[in-house]
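Visitor: Below you'll find the structure I mean.
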Amino acid sequence: MKRINILFILLCITSFSIYAGKPARTIDSFNQGWKFFLGNDSLACNYNYDDSKWRTLDLPHDWSIEGQFSKEAPCKTDGGALPTGIGWYRKSFTTTSLTKDKNIFIDFDGVYRNSEVWINGHYLGLRPYGYSSFRYDLTPYLKTGNEKNVIAVKVDNSKQPNSRWYTGSGIYRNVWMVTTGKVFISHWGTFVTTPEVSSEKALVNLTVQLRGSLTSTNQISITSVLFNSQNKKVARLQTSNIELKDTLSTIKQSFSITNPDLWSIETPSMYKAVTTVYVNGKATDSYETPFGIRSFNFDALKGFFLNGKHVKILGVCQHHDMGALGAAVNVRAMERQLEILKEMGTNAIRFSHNPPTPEILDLCDRMGFIVMDEAFDMWKKKKNKEDYHNEFDKWHKADLETMILRDRNHPSVFMWSIGNEIREQFDSTGTIIVKELASIVKNLDPTRPVTSALTENEPAKNFITKAGALDLLGFNYKQEAYADLPNRFPGQKFIATETMSALATRGHYDMPSDSLRLWPKDGKTPYVTGNPDFTVSAYDHVMAYWGSTHEASWNVVKKLDHMAGMFVWSGFDFIGEPVPYPWPARSAYYGVIDLCGLPKDAYYMYQSEWTNKTMLHLFPHWNWTPGKTVDVWAYYNNADEVELFLNGKSLGSKKKEGDALHVMWRLKYEPGTIKAVSRKNGQIVLSREIKTAGKPAKIELSADRSKIKADGKDLSFITVKILDKDGNMVPDADNLVNFNIKGQGYIAGVDNGYQASMEPFKANFRKAYNGMCLAIIQSNGKSGEITFEASSGGLEKTEIKIKAIK
């Protein structure tokens, strides 16, 4: 977790001053005041290049999300059908008090992709992989005093297709300026382990890597202080007489903590180690390492244990886009996604299929999620013509080491995945490569298991498992084989790394609901059937041919102790990979939650199974053609049965039978009200009702937060509903809603969750889809009131107020 001290920022295009004063280390945001040009100009790397006509913006920035959808987009619909190409960024700044005893670095958390960086015309380097974090040393090239310095960054995402999902384009993660003394702690240069953990006592080992170049007459020491979650000092240790050998030294310290606050899903207590470096008694660097104290293990027969307690891993897979915001990192947007997943009962995230942004791991630490941190979607064998297979030979070691070094102190990270559905499973090269990758991981972190998300579950056919290099075998899909895995792979430990691939469009329902549909039916036949409006039924009965319904896979995993848990594909819909449809579909149907963050019906199945929260969910809507046969479903828990009523008349009570996780009634539609009542021991637990809606009459606005930080980053997500005169949501409303905003905010994005919508994400309007849409409001950095207005032809205009507070 990085502590941001923005000490002096000029919000203009030519100047950013770095403070090089008393703090031993400063970590300053370097996001403000960049110039951007979409296109290629090879001269833009030059120091004196004229960028005065370029656009001015703040990072993080994703230029793809600002574009229009196109059938001709080189990234194709798998990549979201949005523009890619080449872009340039430039930033001017001054170093007002640079002295000879300081180092200045620039840290990029991620640039997609093929980034090249220059400082004052000097070439610093290339980083092809768009998900790796990296650092450059600016110190030798900086100009001091009033002379300006110029950073130039070329981003080349023109070679397409290079991904099976939407990537975004640009400097889409945060950038930092880091200042240290000449003897300093290396980039990601600390490592905390907790080899002995109990409720009474914990042993904490801290390894620190120092860098610098000094004469032998200098006295070097470090002091580390440990703080608990209440910021109370719990331990302190000093190491003196340190020698730098070849500019490098590794120091190991050990601490004993009594009655530690253990990190868990329910109480994710965090500690931090603050390490200060001294040269001749003067502080030259200070480094903060957040960590957690916990023990865990995977058992071949019984699954996963955290702090000695058995825990079923209830996970989802997540790609990195944030819907209408694209790939540009925003902490509140990520936090909201995790909050919605937490409410569903999710306790684990698999970040698919690449290293995530550091901030979301900070959130997982703080919110109590188990994380599978994943490095690659391919090795040497391609999945797309221009994907990472072209860079694997040269860059895989550096990129894998980057992920491990950067993320190994996060208590939320429990396993390292070195690949997803790797094609080298099927030949002997897989045996060689997996051994090398596992060795790289173990060399940097021997405390966590190494896994890979595999598809081949026959031992004789899987050359990756033959190597014996994986600590944990992850299998994607094919849940019918899970029960037999211990027989096929004796003594091994297992987790379902990817499951389901069930498909749905929020608020759309096809009858009959008990007819299972494979869309598409196989990998060879072109998909030409389906619905003409590119929708998929939201009953749990449609899946890709390799997948299953939500109920089917969960029913298998929950009964098998040897399966440590599962990761559902996927938690949220994401941009790209619009299986089963071709253009104009451009985003995924897999999510339990749509692209706006609005739950689909399957969300409530998981909530009924994964939480103890008493719930009852009734669907579908109640606006149909008179006489039509309609299937009514209910998910529930903490009750014996559910009784359904139509216009006050009981249609009988039903209980879940066998493996069914829902109850269903089939009835002829008539307008009015359906009502479900759950009971336990004859007593009413909950009731839910849905009424036939009339014509659209008004708009309802609801904000997830009425107060936001006036920091230029914070967000309020406003859900827009189309209601009839009595306040019922109109389930097929598609009204065009126009937005207007006044005050200290702006509209950062709009969406409606429909996977084939051609409307742009960056706009001040949106058509409702199945009665709903979304507007995302962002602070402009000033405190004050934000008034958001929504209007639509023939409907009552409405507004909502948000306060931005410093």
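The values are calculated or read from the model by the stated rules, or taken from the named source; none is laboratory data. The structure presented is a predicted model; accordingly, all values stated were derived computationally and were not measured. Ideal geometry is used to build each Cβ from the backbone, glycine not excepted, and the neighbour counts take in all protein chains shown. Keep in mind that these areas ignore ligands, DNA and RNA; they rest on the heavy atoms of the full protein, side chains included. Shrake-Rupley method; radii C 1.70, N 1.55, O 1.52, S 1.80 Å.
Visitor: Roughly how many Å² is the accessible area per residue of the stretch 117-180, as a whole number, for a 1.4 Å probe? Don't jump to the answer; show the numbers that get you there.
Guide: Details: 1790 Å² over 64 residues.
Using a 1.4 Å probe on heavy atoms only, each residue of the stretch 117-180 averages 28 Å².
Visitor: At 1.4 Å probe radius, can you tell me the per residue accessible area of the stretch 519-677 in Å²? Don't skip to the answer; put the middle values down first.
Guide: Details: 5520 Å² over 159 residues.
Accessible area per residue: 35 Å².
Visitor: Further question on the same structure: Mind jotting down the distance between the C-alpha centroids of the stretch 316-369 and the stretch 167-182, whole Å?
Guide: Taking the Cα centre of the stretch 316-369 as reference, the centre of the stretch 167-182 is 20 Å away.
Visitor: Measuring with a 1.4 Å probe in the full set of protein chains, what accessible area per residue, in whole Å², belongs to the stretch 222-336? List each step's numbers first, then the result.
Guide: Values: 4930 Å² over 115 residues.
Here the residues of the stretch 222-336 average 43 Å² of exposed surface.
Visitor: Moving to a separate point now. When ranked by the protection proxy of mean other Cβ atoms within 10 Å per residue, highest first, what sequence do the peptides 671-678, 481-488 form? Don't skip to the answer; put the middle values down first.
Guide: Numbers: 671-678: 19.8, 481-488: 14.6.
My ranking of the peptides, most packed first, is 671-678, 481-488.
Visitor: Report, for the chain, the % of DSSP beta bridges that are antiparallel, rounded to 5. Kindly include the intermediate steps, with their values, before the conclusion.
Guide: Working: 160 of 200 bridges.
Taking every DSSP beta bridge within the chain, about 80 percent pair in antiparallel fashion.
Visitor: Okay, moving on. Please work out the Cα center distance from the stretch 220-259 to the stretch 378-404, rounded to the nearest Å.
Guide: 36
Visitor: K232 versus K806, label points 7 Å from Cα toward the beta carbon: distance in nm?
Guide: 3.5
Visitor: Say a paramagnetic label sat at a point 7 Å from the Cα of S198, along Cα to Cβ; which residues of the stretch 255-279 have their backbone N under 19 Å from it?
Guide: Label zone hits: 255-263.
Visitor: Another one. If you roll a 1.4 angstrom probe over the protein chains with everything in place, what fraction of the accessible area of the chain belongs to carbon and sulfur, to the nearest %?
Guide: Carbon plus sulfur share of accessible area: 50 percent.
Visitor: How do the peptides 700-710, 680-690, 742-752 rank, highest first, by the average count of neighbouring beta carbon atoms within 10 Å per residue? Walk me through the intermediate numbers first.
Guide: Working: 700-710: 16.2, 680-690: 13.5, 742-752: 20.9.
Ranked from most to least packed, the peptides come out as 742-752, 700-710, 680-690.
Visitor: Still on this structure, please answer the following. Of the DSSP beta bridges with both residues in the stretch 264-399, give the percent that are antiparallel, rounding to the nearest 5.
Guide: Details: 15 of 23 bridges.
Of all bridge pairs located within the stretch 264-399, approximately 65 percent are antiparallel.
Visitor: Hey, another quick one. Determine the order of D285, D732, D522 by accessible area, beginning with the largest, at a probe radius of 1.4 Å. Working shown, then result.
Guide: On the way: D285 0, D732 110, D522 50 Å².
The ranking, largest first, comes out as D732, D522, D285.
Visitor: If packing is taken as the average count of other Cβ atoms within 10 Å, what order do 102-111, 717-726, 393-402 fall into, highest mean first?
Guide: On the way: 102-111: 22.0, 717-726: 18.9, 393-402: 16.8.
Highest-to-lowest ranking by the protection proxy: 102-111, 717-726, 393-402.
Visitor: Moving to a separate point now. Can you give me the Cα centroid spacing of the stretch 24-93 and the stretch 531-564 in angstrom?
Guide: Using only Cα atoms, the two centres lie 39 Å from each other.
Visitor: Same structure again: Give me the net charge of A544's neighbourhood, meaning all other residues with Cβ under 15 Å from the Cβ of A544; Lys, Arg count +1, Asp, Glu -1. All intermediate terms of the calculation are to be shown ahead of the outcome.
Guide: On the way: positive: R164, K478, R517, K521, K524; negative: D78, E421, E498, D522, D540, D573, E577.
Here the charged neighbours net out to -2.
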